[in-house]
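Have a look at the structure below, then the notes.
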Amino acid sequence: MRAFAFFLMLALTGCGLRPMYSGGESGPVAAGLHSVSVQAIPGKAGWLVRKELVARLSHGDVATPRYRLEVELDDNITGYGIRGDRAATRERRTLRARYRLVDLASGLVVVDATAGSDAGIDVVSSQYATVAAEQSALERLSGVVADQIVGRLALFVSHGGQQP
């Protein structure tokens, strides 16, 4: 069994794979992500997504940003599962983001992409419970969308600022 593990490790070293976040907080990818300033995003969903992005990218204000991240959100709730009295029994909340990473030195957009996710919500007889479920879904979706954006930006930074 040890011989198999050894040969597996040997084979993986030859394939060219390397950890994206090697070096931890002082590594090149982390340093590149720390140089991104996040523009304000309007609305409650925008506040939540920006908060998640700042927590993942820079852990606060960026002293000398190299990039500016601009995000536009589309937050939508659609009812479906209609009963006989035309009341919805389920809702789907979708959060979509179009984001652009702008190189501040040249003013060029270096990444222009989208991210998004959705969540199903049960509509119950208590209006308070339904609103709470909608808000909880928005908080979860904000984290998912922020993770997608940061993953794409990390890929960009790990390729030396070039599109992969």
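Numerical summary
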item	result
Only listed residue being crowded, with 16+ Cβ neighbours inside 10 Å, more than 13 Å from Ala45 (Cα to Cα), at pLDDT below 90 and not basic (Lys, Arg), chosen from Val150, Val124, Val157, Val111	Val157
Residue selected from the stretch 80-98 under the condition charged (D, E, K, R) and over 18 Å from the mean Cα position of the chain (by Cα), by the criterion surrounded by the fewest Cβ atoms within 10 Å (Cβ to Cβ)	Asp85
Conditions (1) at pLDDT 95 or above; (2) surrounded by fewer than 19 Cβ atoms within 10 Å (Cβ to Cβ); number of the one not met by Leu101	(2)
Top-ranked residue of the stretch 127-147 - restricted to ones that are in contact with a strand residue (DSSP E or B) (Cβ under 6 Å, 6 or more places away or on another chain) and β-branched (Val, Ile, Thr), ranked as surrounded by the most Cβ atoms within 10 Å (Cβ to Cβ)	Val145
Only one of Arg96, Arg92 that is among the basic types (Lys, Arg) and at pLDDT 95 or above	Arg96
Members of the stretch 32-79 found to be aromatic (Phe, Trp, Tyr) and either at positive phi or surrounded by 14 or more Cβ atoms within 10 Å (Cβ to Cβ) (or both), listed by number	Tyr67
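The values are calculated or read from the model by the stated rules, or taken from the named source; none is laboratory data. Not measured: the values here are computed from a predicted model. Cβ coordinates were reconstructed from backbone atoms using ideal geometry, including for glycine residues, and neighbour counts include every protein chain displayed.
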